[in-house]
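Visitor: The structure's right below; bear with me while I get my questions together.
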Amino acid sequence: MSGQPIYDLFVIGGGINGTGIARDAAGRGYSVALAEMNDFASGTSSGATKLIHGGLRYLEHYEFRLVREALMEREVLWAMAPHVIWPLRFVLPFQKGGIRPAWLIRLGLFLYDNLGGRKLLPPTKTLDLRRDPAGKPLKPVFSKAFEYSDGWVDDARMVVLNARDAQIRGATILSRNRVVSAHREDGHWVVTTKSQRDGSTVTHKARMLVNAAGPWVDQVLAGAFGRNNVHNVRLVQGSHIVVRKKFTDPRAYFFQNPDNRIIFAIPYEGEFTLIGTTDRDFTEDPKDVRISPEEVNYLCGAASEYFQEPIRPEDIVWSYSAVRPLFDDGASKAQEATRDYVLKIEGTSEEAPLLNVFGGKLTTYRRLAEHALEKIGEAIGQKGTPWTAGSRLPGGDFAATAFEPTVADLLKGYPFLERGHAERLIRCYGTDSKSILGKARSAADLGRHFGGTLYEAEVRWLVEMEWAVTAEDVLWRRTKQGLFLTPEEAKGLDAYLGMLAAA
């Protein structure tokens, strides 16, 4: 291993926390490598409800620090990635004699409005559902509602953009490389990775290791590190269903259930409604997580309590499940376990420190990374200063409120695009859309049409710039075109990607 580079930092895990830490560290001048055993965001980070939110319901569990930090992050992240994050208004229907009294909801929303330095997002207001369009799809028993602000995010794209920016800033990014062993040797970590594509192994050296493997964080400690009786995280399954559009209003709904849980019903990809999430303990391997019949019935039943037109299992066009790795604080119920994150350092700089990342949520990933960099600086020496708050992710170099003008500019340069196609490109890639389209003057110039609004030019970009390998990577993580392609079209894409890989 003589002559081999010694990284300052080796990060295990290509979810939002791992890529966020790698990006922040690379931007400060640390030499960084990151290994993800599968595709980026293939676990928890693409299985969220896809919200940038303060967590209104966490106020009930007195998680004021977490809620304040999350509320403050909404507009920071929106400015950082206005292509994949945008504001969303939520309608919370209220029924007299319901789960929570009106005064408690008002108090919660007052705190929500004033706890986190809101500037651009509009404040809470009260709605008369007998007159407001938001009441149209709901049962007549709901005559009053509260409307408040939060944000929407394309979670998987947020992850891959962090990985891309980390690479742009000098990080070595290894997708589909599993860490099979890690041990200390002569004051460094010696880490061995195994390619999931060809089985080859490579050994790396680093001054410090970050274990940000999400639901697999304990598995990494047990497997790669050979530890026994490891138990730091509580695995909680969350599942979502997608149905054909149930309402035309651009706002989302926040529904309270008799079991004290809440679910959201959110406009999704133009033609659909996303409903979720569930919250139940999970004891199996996270790679095997699937929505259960009980969860399907729960989500359908809970939404049907509010919508005039019931939601039935046969209405579901897609579903997804993921496992949240919550720090195990001994809470009795899955929904009561803390959503806050915990960072734990093991070892000194002389013996090569290890930072374990437990828990966390999408909204607070940037702050988690900053806190991780504080600990990294204390352990191996500080480089640079916090910088991500005023930064932009790739493609996000336009004003938070300038989505429409950015679409109009793309259509001006590429008038052959249909408006819906242009909007999707800007939502996925922002100003990078022009790099994808290049010198195209017609749809034919974009190459093979795979279905939906997916063309060869975009697929090649995803392979070359964003580590896409399979049809699933392209259709369900980099884009959501899987909702629009037929099974035959998806097979055609898979065959094409196989041909590219073999070339």
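The values are calculated or read from the model by the stated rules, or taken from the named source; none is laboratory data. Here the structure is a predicted model, which means the values were calculated and not measured. Positions of Cβ are backbone-derived with ideal geometry, glycine not excepted, and every protein chain shown enters the neighbour counts. Keep in mind that these areas ignore ligands, DNA and RNA; they rest on the heavy atoms of the full protein, side chains included. Shrake-Rupley method; radii C 1.70, N 1.55, O 1.52, S 1.80 Å.
Visitor: Expressed as a whole number of Å, what is the distance separating the alpha-carbon centroids of region 439-503 and region 183-237?
Guide: Their Cα centres are 32 Å away from one another.
Visitor: Name the residue from Ile85, Leu129, Ala369 whose Cα lies farthest towards the positive end of the charge dipole of the chain, charges +1 on Cβ of Lys and Arg and -1 on Cβ of Asp and Glu.
Guide: With unit charges placed on the Cβ atoms, the residue in question is Leu129.
Visitor: Identify, among Ser292, Thr277, Val233, the residue whose Cα sits farthest towards the positive end of the charge dipole of the chain, taking +1 on the Cβ of Lys and Arg and -1 on the Cβ of Asp and Glu, with the dipole about the Cα centre.
Guide: Checking the options against the dipole of the chain, the answer is Thr277.
Visitor: Next question. Please work out the FRET efficiency for the pair Gln4 and Gln382, using the Cβ-Cβ distance as r and a Förster radius of 25 Å; give the result to the nearest 0.05.
Guide: Efficiency, rounded to the nearest 0.05: 0.50.
Visitor: Sum up the charges of everything whose Cβ sits under 14 Å from the Cβ of Val220, counting Lys and Arg as +1 and Asp and Glu as -1, but leave Val220 out.
Guide: Value of the local net charge: +1.
Visitor: Still on this model: At 0.36 nm per residue, and after removing the present C-alpha to C-alpha distance, how many nm does the segment from Lys96 to Lys287 gain when stretched out fully?
Guide: 64.5 nm
Visitor: Once you charge only the Cβ atoms, +1 for Lys and Arg and -1 for Asp and Glu, what is the size of the charge dipole of region 402-502 about its Cα centre, to the nearest 20 debye?
Guide: Value, rounded to 20: 200 debye.
Visitor: Here's something else I'd like to know. Please report the net charge: other residues with Cβ closer than 11 Å to the Cβ of Ala352, K and R +1, D and E -1.
Guide: -2
Visitor: Would you work out which of Ser143, Gly29, Asn257 lies farthest towards the positive end of the dipole of the chain, given +1 charges on the beta-carbon of Lys and Arg and -1 on that of Asp and Glu, about the Cα centre?
Guide: Ser143
Visitor: Another one. Using a 7 Å offset from the Cα along the Cα-to-Cβ direction at both Asn260 and Ala495, what is the distance between the two label points in nm, to one decimal?
Guide: Label at Asn260, label at Ala495, 5.5 nm between them.
Visitor: Under a point-charge model restricted to the Cβ atoms of Lys and Arg (+1) and Asp and Glu (-1), what is the dipole moment magnitude of region 112-165 relative to its Cα centre, in debye to the nearest 20?
Guide: Dipole size: approximately 280 debye.
Visitor: Can I ask one more? Ignoring any ligand, DNA or RNA, what whole percent of the accessible area of the chain comes from carbon and sulfur when the probe is 1.4 angstrom?
Guide: 51
Visitor: To the nearest 0.05, how large is the calculated FRET efficiency for Thr348 and Lys245 if R₀ is 45 Å and r is the Cβ-Cβ distance?
Guide: 0.20
Visitor: Could you report the chain's accessible area per residue, 1.4 Å probe, as an integer in Å²?
Guide: So the chain comes to 41 Å² accessible per residue, rounded to a whole number.
Visitor: Where does the longest stretch of the chain lie that holds no trypsin sites (Lys or Arg not before Pro) found in a DSSP loop with 14 or fewer other Cβ atoms within 10 Å?
Guide: 334-438
Visitor: Starting from 0 in steps of 10 Å, tell me what percent of the Cα-Cα pairs of region 120-164 lands in each bin.
Guide: Taking all Cα pairs of region 120-164, the binned fractions are 23, 29, 25, 17, 7 percent.
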